[in-house]
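Participant: I have a structure here, written as structure tokens, and I will follow up with some questions on it.
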Amino acid sequence: MVVAQGSKEGSSGFIFTDSYKGDVVIKDSVSYEGQRYCITAVADKVFANSNELTSITLPSTITHMGKAPFASCARLSSITVSAANPVYASDGAILYDKSFSKIISCGGAFQGVLRLPDSVISIGDSAFCRCTHLTSIILPSSVTEVGNHAFRMCTTLSNVILTSVEKIGNSAFYYCSSLRDIDLPASVSYIGYQAFYYCQRLNSVTSNATVPPVVERDAFNNYSIRLYVPSGSEPTYTSANCWSRFMTIIPFFTGDVNNDGQVDVTDIMLIVGNILGDNPQNFIHSRADMDKNGIIDVTDVMLVVNVILDGQPVSSSHQSSISPRST
């Protein structure tokens, strides 16, 4: 097993150092007192907080990876895994399992917008912890779980699209100080302890579920901000644990993508702009996804047109009954 220099194992796990710098290559074996030992595992947090570490190379023999092995490595820009490794794979700064269904860890030097392949199902514990140059995440509909501490202290993260996430782990977005709005899809059923705690610039939370998700203690720490919920579900939220602490609970209608209280031509223009690749301001992704398939497309535009022609705004609880008009 690979462990940190000077580390020791106690009741709280491995104690790690921050002494690793530059490019680190892990060998497939080592010799000790005349015997050859195969290296098969990397310990918990073994390289964590190594701010001068720039790249890591893993051999084919590594078949076990501890928790948060590369957390808070601010300059780590490359993770390379041998193509012969049967358990893990990599792409740039991101370490995956072999099937690319789970993200294990990401180098802290990752910058800009995170777009993941549709094969990804879950984001592992502490996977993006302290990726301080990550500005936006767009999770595909395949991702159903965000692990504990997954995006903890991503201080420049300002835009989050969770699409079809069902579970958000403890401290998943703790101290994401640039987050201004949180848009929780209707699929979310569980939010962990301190999941959005100490998001200092947070203005609003939108929950698209008509049945309030289960929320652990201190998932949020500022209950004076606005909470938007599907029209008709306000009484349910005002009596639900944690949600009832929000001082202002406001109903919304799906299709009102700019949150101005009505569904009109402006919303259609914003959706079209999003489809064409623009990044419209005040655009709420979940409200534009009228058919709740995780994709914003022409069908959603047609459904908004339906709402305008019918003169009846539609709450998210009624989406299954909506279909485009025939032409």
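Participant: Which listed residue (Phe252, Leu270, Val87) has the Cα farthest towards the positive end of the charge dipole for the chain, taking +1 on Lys and Arg C-beta and -1 on Asp and Glu C-beta about the Cα centre?
Facilitator: Most positive-ward Cα: Val87.
Participant: State the Cα centre-to-centre distance between the range 217-271 and the range 272-287 in whole Å.
Facilitator: Taking the Cα centre of the range 272-287 as reference, the centre of the range 217-271 is 19 Å away.
Participant: Using a Förster distance of 22 angstrom, determine the FRET efficiency expected from the C-beta separation of Glu33 and Ser60, and round it to 0.05. Intermediate values should be presented prior to the final figure.
Facilitator: Values: r = 25 Å, r/R0 = 1.13.
Calculated value: 0.30.
Participant: Can you bin the range 145-291 into rounded, prolate or oblate? Criterion: square roots of the alpha carbon gyration tensor eigenvalues sorted a ≥ b ≥ c, rounded for a/c under 1.5, prolate for a/b above b/c, oblate for the rest. Display every interim value, and only then the final one.
Facilitator: Details: a/c = 1.77, a/b = 1.28, b/c = 1.38.
Here the range 145-291 falls in the oblate category.
Participant: To make sure I understand the rule: partners must be aspartates and glutamates, Cα under 15 Å from the Cα of Lys21, and not fewer than 8 residues away in the same chain. Which ones qualify?
Facilitator: Glu52
Participant: Rounded if a/c is under 1.5, else prolate if a/b beats b/c, else oblate: with a ≥ b ≥ c from the C-alpha gyration tensor eigenvalues square-rooted, which is the range 47-150?
Facilitator: Since a/c reaches 1.5 but b/c is at least a/b, the shape of the range 47-150 is classed as oblate.
Participant: Another one. What part of the accessible area of the chain, given as a whole %, is carbon or sulfur when the probe is 1.4 angstrom? Working shown, then result.
Facilitator: Working: 7440 of 15260 Å².
Roughly 49 percent of what the probe reaches on the chain is carbon or sulfur.
Participant: Go through Lys98/Lys292; Lys167/Lys292; Lys67/Lys98; Lys102/Lys167; Lys27/Lys102 and tell me which ones have a Cα-Cα distance over 20 Å in this structure.
Facilitator: Lys98/Lys292; Lys27/Lys102
Participant: Sticking with this one: Order Tyr198, Tyr237, Tyr190, Tyr20, most accessible first, counting only protein heavy atoms with a 1.4 angstrom probe.
Facilitator: If we order Tyr198, Tyr237, Tyr190, Tyr20 from most to least accessible, we get Tyr198, Tyr190, Tyr20, Tyr237.
Participant: When the helices in the chain are scored as -39500 (n - 2.57) per DSSP H run of 4 or longer and the sum is shared across all residues, what 222 nm value do you end up with, to the nearest 500 deg cm²/dmol?
Facilitator: -2500 deg cm²/dmol
Participant: Taking the solvent-accessible surface of protein heavy atoms with a 1.4 Å probe, what is the per residue accessible area of the range 41-81 in Å²?
Facilitator: I get 33 Å² per residue for the range 41-81.
Participant: So in the range 74-184, what percent of DSSP beta bridges are antiparallel if you round to the nearest 5?
Facilitator: Of the beta bridges lying entirely in the range 74-184, close to 35 percent run antiparallel.
Participant: Hey, another quick one. Just for the chain, what percent of DSSP beta bridges are antiparallel, to the closest 5?
Facilitator: Antiparallel bridges: around 25 percent, rounded to the nearest 5.
Participant: Looking at the chain as a GNM with Cα springs under 10 Å, which of Met65, Met290, Met269 has the largest mean-square fluctuation?
Facilitator: Its mean-square fluctuation being the largest, the pick is Met269.
The values are calculated or read from the model by the stated rules, or taken from the named source; none is laboratory data. From a predicted model like this one, the values you see are computed outputs, not experimental measurements. Glycine gets a Cβ as well: all are built from the backbone with ideal geometry, and neighbour counts include every protein chain shown. These area figures cover heavy atoms from the full protein model, side chains too; ligands, DNA and RNA do not enter into them. Shrake-Rupley method; radii C 1.70, N 1.55, O 1.52, S 1.80 Å.
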